[in-house]
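The values are calculated or read from the model by the stated rules, or taken from the named source; none is laboratory data. None of these values were measured; they are calculated from a predicted model. Cβ placement follows ideal geometry from the backbone for every residue including glycine, while neighbour counts extend to all protein chains displayed. Protein only, heavy atoms only, side chains kept; ligands, DNA and RNA dropped before computing areas. Shrake-Rupley method; radii C 1.70, N 1.55, O 1.52, S 1.80 Å.
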Amino acid sequence: MIKNVVFDFGDVFINLDKEATVNQLQKLGIDQISSEMVYIAEQFELGILTSQEFMSKCITLFPSISANDFKNAWNAILKDFPLYRFDFLKSLANSKKYRLFLLSNTNAIHISWIQKEWGDLFNEFKSFFEQFYLSHEIHLRKPSAEIYKFVLDENKLKAEETFFIDDLEENTRTAKNLGIKVWNIDP
């Protein structure tokens, strides 16, 4: 019996355009994302780098573009939040049938943008969850098994009573291997 539901954020609630950042950087004259850039982004998502450190490293990698242009390109991945998803979550939270959690690979710049764009809606959205886990705050990142074990242990959840929804198969595969029920949602 499912007692707990753990949701991813991107492409589960907020729509993403996963190619938008690369496309925006290409428009700014950056033709290729290096493995160093990917590594820096992962370190930022893990909270190892602050927003300022991340921006500084990126501007060093891409000296031909301004910090503001880079930040706009970085946030281009973030799209709309359909209100029917908000309404669904609100209804689910109000039903009190399940313990609800959010588990997202995200970073401080993206969450700051979301807070600004959504305004009060963000705080209400966040209030529907018992815990709101962001990778940069807990220093763990999907698909590492450690992040799922962390959520289970911190909240005394049984894997077989937990349902995890994510848009990336690599993330749901790891959770499934731990005995968590999963839905690899197609955005």
Query raised in the report: Computed from these coordinates, which is Kirkwood radius over Cα pairs in Å: [x] 18.5; [y] 16.8; [z] 17.4?
Result: [z]
**Report entry** Average accessible area per residue (Å²) across segment 21-78 - probe 1.4 Å, nucleic acids and ligands excluded
**Finding:** 56
Query raised in the report: Quick one: helix 51-61 against the long Cα principal axis of the chain, what's the angle to the nearest 10°, folded into 0 to 90?
Result: 40
Query raised in the report: Along the charge dipole of the chain, which of Ser34, Val6, Asn155 sits closest to the positive end, that is, farthest toward it, with unit charges on the beta carbon of Lys, Arg, Asp and Glu (+1, +1, -1, -1)?
Result: Asn155
Requested in this report: Using a 1.4 angstrom probe on heavy atoms only, work out the carbon and sulfur share of the accessible area of the chain in %.
Outcome: 49
Query raised in the report: Can you list the HN-Hα couplings for segment 146-157, worked out from phi with the Karplus curve (6.51, -1.76, 1.60; θ = phi - 60°), rounded to whole Hz and with x for Gly and Pro?
Result: 4, 5, 6, 4, 4, 4, 4, 5, 4, 10, 6, 9
Query - Extension gain, Arg173 back to Ser34 (0.36 nm per residue minus Cα-Cα distance, nm) - result: 47.4 nm
Query - Inter-probe distance in nm under a simple model that places probes 7 Å from Cα toward Cβ, at Gln52 and Lys90 - result: 3.9
Query - Table column - 3J(HN,Hα) (Hz), segment 100-114, Karplus curve with 6.51, -1.76, 1.60, x for Gly and Pro - result: 10, 9, 10, 9, 9, 7, 8, 9, 5, 5, 5, 5, 5, 4, 4
Query raised in the report: Can you list the residues, at least 5 places off or on another chain, whose amide H is less than 5 Å from the amide H of Phe164, using H built in the peptide plane?
Result: Val6, Lys181, Val182, Trp183
Query raised in the report: Taking only C-alpha pairs under 8 Å that are 6+ residues apart, what is the relative contact order of segment 49-187 in percent?
Result: 16
